[in-house]
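Undergrad: The structure that follows is given in the form of structure tokens.
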Amino acid sequence: METVDAAHMRAMNCSILLKLIWKHHRISRADISRITSMSRSTVSAIVTELLDRGLVKELGIGPSNGGRRPMMLAFQEDAYSILGIQISTHTIAVATLNLNGVVRRWVTQPCEVFENPAEALALVQKMIEENAALTFSEEMPLIGIAVAHPTGTDVDFQSWESTLRERLTIPVHMDSDAHFGALAELWWNQSVQPRHVGYFQLSETLGFGFLIRDEQKTYGVSGQLGQLLCKSEGTIKSLVEHLGETSALPRKLSELLEAAASGDAAAESWVSKTAECMALTLYNAQALLQLDRVVIGGLWRSQTQRLKAMVEGLEDKYGRTSPLSVNEWLVPSFRGEQQVALGGGTQVLQHVLDDLSLFPARPNMSIVRESTQEAQVPPLD
């Protein structure tokens, strides 16, 4: 019988191998043994399990390095699917991702989330069910779900998380949209390799996520930090309230930004005043945290150049906050509207790569599909 210590060591080795094959895309057993210092027998046993689970496939014979030509292995990025769900004020968006962060499907549905939270939760459940059925029909069943929500609202998102976890048979992760946006930046934006990333998202609510990468792990905080850094956050709220009382302009931020871009003076005045508050927040955040990169996400991504100019004005007035120029550390989100959902999927991916047991035993799907169909699709009551 395998001891507890031996089982723990085997689980750690499985995770190391799985992440190594995922990272390299193509690699041989011999190279795995050389990189990890594991014995060839250990590597062979773990690779056999990964092959049986459908997470790895053999590509064929690779080039020789002087000895026998090796069999090359590749990670099966399309073996399973992940759902990244983004809750916004007026919409719910769902990204279906593979195990390499590729968005295979992107669906949005209108929904007044804050006005009708019960209806919003029901819509989330319906969208999960629909996507679960689709991924199973594609032989890429769901392995996990992540839900990103805005901060500073009266909606009880913790109860949403409990409901979804009770009704689903696969892992559910929930966190702020700012946290997931920062996580996507650390994992997938390879133009620069930052260690400290902030993700700033002001839609109808304010969020700020701060993450540190340390030996491929990430640590940080998110949510109310943005409000602590911005002493004018109350001004933003009062501007929105004032606008709703004195103007016929719509209250949706997307429509306000569109109106400002089209030359509406009242909308432009509101956007400019709100941007001044945001620029102050960004200036304070960089002075305090000294980030390698601060990312502007959500609807304000389109205003990044305006914010850069305002932050530069603050630096001229009060002094530089960073050895980096504003153009270097202040950037728009690289994946646009899909970045938060991608970050949610990344959270799931982190967990499954760390724990092979989260992947179900998965013999050849074409053989067992009929007998396992009910178990593969996450049931909802």
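The values are calculated or read from the model by the stated rules, or taken from the named source; none is laboratory data. All figures in this text were calculated on a predicted structure; none of them were measured in a lab. Here Cβ is always computed from backbone atoms with ideal geometry, including for glycine, and neighbour counts include all displayed protein chains. Just the protein is used for accessible areas: all its heavy atoms, side chains included, with ligands, DNA and RNA removed. Shrake-Rupley method; radii C 1.70, N 1.55, O 1.52, S 1.80 Å.
Undergrad: What net charge do the residues around Val331 carry, taking every other residue with its C-beta under 13 Å from that of Val331, with Lys and Arg at +1 and Asp and Glu at -1? Write down the numbers at each step before the final one.
TA: Working: positive: Arg293, Arg301, Lys308, Arg335; negative: Glu185, Asp292, Glu328.
Net charge around Val331: +1.
Undergrad: If I stretch the segment between Arg320 and Glu129 completely, what's the gain in nm (0.36 nm per residue apart, minus their alpha carbon distance), one decimal? Display every interim value, and only then the final one.
TA: Working: separation 191, 0.36 × 191 = 68.76 nm, distance 5.04 nm.
Computed gain between Arg320 and Glu129 is 63.7 nm.
Undergrad: Only loop residues by DSSP count here, and only those with at most 13 other Cβ atoms within 10 Å; note down the GluC sites (Glu not before Pro) in region 98-133 that meet that.
TA: Listed in order of number, the matching sites are Glu112, Glu115.
Undergrad: Same structure again: With charges set only on the Cβ (+1 for Lys and Arg, -1 for Asp and Glu), what does the dipole of region 83-189 come to about its Cα centre, in debye to the nearest 20? Numbers along the way, then the final one.
TA: Details: 5 positive and 14 negative charges, 66 e Å.
My answer is approximately 320 debye.
Undergrad: For Ala30 paired with Asn284, estimate the spin-label separation in nm (one decimal), with each label point 7 Å from Cα along the Cα-to-Cβ line.
TA: Output for this residue pair reads 6.0 nm.
Undergrad: Given the Cα-Cα distance of Leu20 and Phe334 and 0.36 nm per residue of separation, how much length would full extension add, in nm? Intermediate values should be presented prior to the final figure.
TA: Values: separation 314, 0.36 × 314 = 113.04 nm, distance 2.56 nm.
Taking 0.36 nm per residue and subtracting the Cα distance, the gain is 110.5 nm.
Undergrad: How much length, in nm to one decimal, is gained on full extension between Met71 and Glu255, taken as 0.36 nm per residue of separation minus their Cα-Cα distance?
TA: Full extension from Met71 to Glu255 adds 60.6 nm.
Undergrad: Moving to a separate point now. Can you find, among Ile82, Met127, Trp106, the residue sitting farthest towards the positive end of the charge dipole of region 65-136, where Lys and Arg contribute +1 and Asp and Glu -1 at Cβ?
TA: Farthest along the dipole direction, towards plus: Ile82.
Undergrad: Which trypsin sites (Lys or Arg not before Pro) from region 40-113 combine a DSSP loop assignment with at most 15 other Cβ atoms within 10 Å?
TA: Arg68
Undergrad: Can you give me the long-range amide H partners of Gly207? Hydrogens built in the peptide plane at 1.01 Å from N, cutoff under 5 Å, separation of 5 or more residues or another chain.
TA: Gln201, Leu202
Undergrad: From the phi angles alone, apply the Karplus equation (6.51, -1.76, 1.60; θ = phi - 60°) to region 341-351 and give each ³J(HN,Hα) in whole Hz, x where the residue is Gly or Pro.
TA: Values per residue, Gly and Pro as x: 5, 4, x, x, x, 5, 4, 4, 4, 3, 5 Hz.
Undergrad: Once both labels are modelled 7 Å past Cα along the beta-carbon direction, what's the Gln158-Arg104 spacing in nm?
TA: With each label point 7 Å from Cα toward Cβ, the separation is 3.5 nm.
Undergrad: Sticking with this structure for a sec: Report the local net charge at Gly209: Lys and Arg +1, Asp and Glu -1, summed over other residues whose C-beta lies under 10 Å from its C-beta.
TA: Result for the neighbourhood of Gly209: -3.
Undergrad: With every protein chain in place, what's the accessible area of Ser159 (1.4 Å probe, Å², nearest 10)?
TA: Roughly 50 Å² of Ser159 is accessible to a 1.4 Å probe.
Undergrad: Count neighbours as other Cβ atoms within 10 Å of each site's Cβ, and list the GluC sites (Glu not before Pro) in region 1-102 that are DSSP loop with at most 15 such neighbours.
TA: Sparse-neighbourhood loop GluC sites (Glu not before Pro): Glu2.
Undergrad: Cys111's amide H: which non-local residues (gap 5+, or another chain) put their own amide H closer than 5 Å, with H modeled 1.01 Å from N in plane and none for Pro or chain starts?
TA: Thr91, Ile92
Undergrad: So, one more: Using a simple charge model, +1 on the beta-carbon of Lys and Arg, -1 on the beta-carbon of Asp and Glu, nothing else, what dipole does region 18-98 show about its Cα centre, in debye to the nearest 20?
TA: Dipole of region 18-98, to the nearest 20 debye: 400 debye.
Undergrad: Once amide H atoms are built 1.01 Å from N in the peptide plane, which residues 5 or more positions from Val294, or in another chain, come under 5 Å H to H?
TA: Gly198, Leu330, Val331
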